[in-house]
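> Please read through the structure below; I'll follow up with questions.
The values are calculated or read from the model by the stated rules, or taken from the named source; none is laboratory data. Predicted model, so just to flag it, every value in this text is computed and none were measured. Quick reminder, even Gly has a Cβ in these numbers, built from the backbone with ideal geometry, and neighbours come from all protein chains shown. Ligands, DNA and RNA are stripped out before the accessible areas are found, and what is left, the full protein with its side chains, is counted by its heavy atoms. Shrake-Rupley method; radii C 1.70, N 1.55, O 1.52, S 1.80 Å.
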Amino acid sequence: MARSFWSRGITLAVVTVGLFVTPVGGSAVAVAAAGTTPFGPERFAHNHATYVITTKSAYYRQVWQSAINAWNKTGAFRFKLGTTQSAQITLKTASKTQAVALGEDVGLTDYWSKNDLLLDVTATLNPTLLKSYGYSRADDIHVAEHELGHAMGLAHNPAEESVMYYRNRSVGIKQVDVNGVKLRYQTPAGQSS
């Protein structure tokens, strides 16, 4: 699910992975059928970005790092370790209080963009729901991979065999997702699939 807020040419969007989210529309189905996960108009200027993991939980730090390693291994995009002051992407977990605000979302990605170029991205995992619904470590990593997909500019994929499937829990990064990232960074900002 995505919500956008406009203010003087800057966009704040929120993308979520939830338990009850409506699927992506018809145009994305055609793209997914062609073997490419759809993407939105936003992207980083290049196919790399810096990140920082701010969660204090050693477990969720490892979950985020495993997801980063999985995406880096594809070669489609490069996540590089940054600092709290300069990182383009912040990866965190929701506190119990913040988890209430996330509702039924096990993961959430929000970002600021200007002229469809991503400036600042925050991706959040919801440990309260992940634990409540019995997600395994592998499931948690898949949710983190999904949120990182949104951080790169990918949209939801209506195909269940994609890490970007809107209700994904058990599928890791697939070739359709790698194809989507590669195409996203071959396509100028402002254009979507």
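> Just to check your reading of the model, which residue among LEU130, LEU108, LEU119 is assigned to a strand (DSSP E or B), aliphatic (A, V, I, L, M) and over 14 Å from the mean Cα position of the chain (by Cα)?
LEU119
> Taking the criterion of being at pLDDT below 95 and not in a loop (DSSP other than H, G, I, E, B), would at least one residue in the range 74-96 satisfy it?
Yes, the range 74-96 has at least one match.
> Of the residues LYS114, LYS96, which is within 22 Å of TYR51 (Cα to Cα) and not hydrophobic (A, V, I, L, M, F, W, C)?
Numbers: LYS96 fails: within 22 Å of TYR51 (Cα to Cα).
Step by step, each of LYS114, LYS96 is checked, and only LYS114 is within 22 Å of TYR51 (Cα to Cα) and not hydrophobic (A, V, I, L, M, F, W, C).
> Another question, if that's okay. Consider THR187 carefully, then state whether it is open to solvent by less than 30 Å² (accessible area, probe 1.4 Å) and more than 23 Å from SER57 (Cα to Cα).
For THR187, the condition - open to solvent by less than 30 Å² (accessible area, probe 1.4 Å) and more than 23 Å from SER57 (Cα to Cα) - is met.
> Being among the small types (Gly, Ala, Ser) and either touching a Pro at 6+ places or on another chain (Cβ under 9 Å) or open to solvent by 50 Å² or more (accessible area, probe 1.4 Å) (or both) is the filter here; which residues of the range 156-184 pass it?
Residues satisfying the conditions are SER170, GLY180.
> May I pose another question? Among the listed residues ALA144, ALA87, which satisfies the condition of being open to solvent by less than 30 Å² (accessible area, probe 1.4 Å), free of Cβ contacts under 8 Å to residues at least 60 places away in the same chain, among the aliphatic types (A, V, I, L, M) and in contact with a Phe, Trp or Tyr (Cβ under 8 Å, 6 or more places away or on another chain)?
Only one candidate qualifies: ALA87.
> Quick one: would you say ALA45 is touching a Leu at 6+ places or on another chain (Cβ under 9 Å), loosely packed, with under 15 Cβ neighbours inside 10 Å and modelled with pLDDT of 95 or more?
Judged against the criteria, ALA45 is a match.
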